[in-house]
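Following: one structure in structure tokens, then a few remarks.
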Amino acid sequence: MSEKLSVRERREVWRERTEFMPKSAEEPPARNQSPHSSDEAGNDRGAKGGRKKESEKTMEKENKPGEVPVEAKQPGEASKIPFRDELGAEPCLWTDRMLAALQAGVKGKKWFSLHDKTGQMPVLRRAWEKVRKKKGGGGVDRVEISHFREHEESELQKLSEQLREGRYQPAPVKRVWIEKMGSKEKRPIGIPTVRDRVVQNALQMTLGPIFEIGFHPHSYGFRPWRGCKDALRKVDQALKAGKEWVVEVDVKGYFDNINHEKLMEEIEAKISDGATLGLIRKFLQQGVMDSHQGWQPTEKGTPQGAVVSPLLSNIYLNELDWEINRRGEGCEMIRYADDFVVLSHSQEEAEQALERIRVWMAKRKLELHPTKTRIVHHQDKEGFEFLGYWFKAGQRYPRKKSVEKIRDKIRGQTSRLTGRSITKIIEGLNPMLKGWYGYFKHSHHQAISSVDSFVRRRLRAILARRRGKNRHANPNAHKRWPNSYFASEGLVSLMSLHREARQSR
């Protein structure tokens with residue numbers, strides 16, 4: 001492939017290459033076999049035993065697992081491997097030779113000697129850079145980003161020595177509880193220490209490409225160049241293709257119930273480095289420090305909020321992705337982390353898919369929510385929800401929790417007791433409204449219009465109060481301050497954006 005292709009063009013080629021199903025059997029590909037190691041016609045890069053002898057000899061001579069350089073000779077230069085960005089492979093760790101081995105299939109189908117790469121200073125510096133950009137608070141050791149920055153070099157050097165000598169020990173994760181939108185319940189979020197976040201980023205950089213190349217193309221959560229909008233676009237394509245029966249799946253406490261031994265089996269299928277496997281186990285078993293319950297061991301699950309948790313969750317569910325999305329069968333499973341739906345042509349196919357999911361979940365010691373997991377037709381009034389959208393009667397709406405969330409944010413900016421001018425209030429609202437519209441712009445126009453109306457009602461209430469009047473006792477407020485007044489003050493109109501977008505299509 002030409003190196004002159006843009007990132008966007010390479011991204012499209014990558015997607016085309018990954019949009020496939022195993023050709024020879026109706027089972028998912030072997031855990032340790034890269035999708036790019038298929039034995040289709042014209043491909044001489046098959047898994048071990050399927051390569052041409054000449055190719056195999058070349059690989060044995062040029063690429064011995066674990067003995068490639070840790071750092072690329074010229075990390076600043078663009079890689080000769082066309083899919084480096086799509087795999088999320090960092091140049092400070094993943095050399096062109098390593099990527100070539102990844103695509104062709106390493107000898108023995110397992111990776112060795114990875115711990116020395118995770119602990120290298122260039123890798124840790126890049127990992128620290130990611131932690132610093134995301135900011136965030138300190139963990140149980142109360143060390144904040146600012147303190148770590150002051151002692152950056154010595155802290156990273158200490159981490160490097162501990163990792164290379166196998167002495168690194170993660171601290172317990174600080175657990176905080178946040179409210180669930182639209183519910184009285186609270187959900188736990190884990191906050192690792194800054195040091196642990198640096199190490200987890202380094203571990204993610206090491207392991208990510210190894211597993212990324214084998215993930216199913218219908219998995220969109222926490223993967224390079226993929227996101228919620230891609231998953232929603234795929235759902236829309238499936239519905240238009242006639243797959244109108246939907247299995248809406250909800251896994252009870254997924255992140256808290258991942259079985260460690262089952263997860264390690266999946267990881268050990270591709271990784272054979274004892275130090276790296278030991279480091280993963282340490283993070284899985286590092287424990288939780290709860291402000292109410294004190295220290296608690298973690299015998300299962302991965303803490304939400306940990307850097308490495310999304311990768312581990314994708315590894316755990318990857319087999320299910322391939323199990324449901326079998327070649328020649330009508331079902332299509334589309335997943336974002338633990339949130340997924342299955343679309344099929346008939347109710348019978350949907351019921352069969354749900355039964356297969358139940359069986360698979362039982363083997364992995366996971367449980368489906370009894371009321372939130374269901375089969376619906378997408379034209380039904382009750383519809384189904386996926387990634388913040390409510391698909392109902394052939395239309396898309398923001399789900400009720402998403403609407404309530406934006407309304408709560410608007411309320412926070414439009415208190416009637418605020419002393420800010422209307423101009424300043426609008427300046428604070430506009431970025432929020434544009435961001436919300438950017439995600440929900442494909443919703444039915446009524447949902448978009450209702451947000452516009454809610455904003456203007458809040459602003460009119462502020463203006464009425466400043467004139468010593470009760471907004472609800474002043475039915476002519478909309479005449480005193482018409483929509484054009486707020487437009488002149490610079491308020492973003494979501495319906496105007498919606499109309500402009502429709503006209504440009």
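The values are calculated or read from the model by the stated rules, or taken from the named source; none is laboratory data. Treat the numbers as computed from the prediction; the structure is a model and nothing was measured. Neighbour counts run over all protein chains shown; Cβ positions are idealised from the backbone, glycine included. Quick note on the areas: whole protein, heavy atoms, side chains included, nothing else; ligands and nucleic acids left out. Shrake-Rupley method; radii C 1.70, N 1.55, O 1.52, S 1.80 Å.
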inquiry  = Residues of the stretch 373-399 with backbone nitrogen within less than 11 Å of a virtual label 7 Å along the Cα-to-Cβ line of PHE454, please, listed as ranges.
reply    = 398-399
message = As a test question: what accessible area, to the nearest 10 Å², does ARG175 have when a 1.4 Å probe is rolled over all protein chains in place?
response = 60
key: Paramagnetic reach from GLU261 (point 7 Å along Cα→Cβ, amide N under 20 Å) across the stretch 282-306   = 282-287, 297-302
remark   = Judged on accessible area alone, 1.4 Å probe, highest first, VAL143, VAL288 line up as VAL143, VAL288
ask   = Is the shape of the stretch 133-181 best called rounded, prolate or oblate, per the rule: a/c under 1.5 gives rounded, else a/b larger than b/c gives prolate, else oblate, with a ≥ b ≥ c the square roots of the Cα gyration tensor eigenvalues?
value = oblate
request  = Go through ASP256, ASP116 and list them by solvent-accessible area, largest first, probe radius 1.4 Å.
outcome  = ASP256, ASP116
inquiry  = What does the net charge come to around PRO310 if you take all other residues with beta carbon closer than 11 Å to its beta carbon, with K and R at +1 and D and E at -1?
reply    = 0
key: Largest to smallest accessible area among LYS252, LYS392 [probe 1.4 Å]   = LYS252, LYS392
remark   = XL table LYS381/LYS434; LYS229/LYS434; LYS134/LYS372; LYS252/LYS282; LYS134/LYS434; LYS109/LYS282; Cα-Cα > 27 Å flagged, in table order, is LYS381/LYS434; LYS134/LYS372
request  = When a/c is below 1.5 the answer is rounded, else prolate if a/b is larger than b/c, else oblate, so apply that to the stretch 159-219 with a ≥ b ≥ c taken from the square roots of the Cα gyration tensor eigenvalues.
outcome  = oblate
note = With every protein chain in place, the accessible area of ARG456 for a 1.4 Å probe, in Å² rounded to the nearest 10, comes to 40
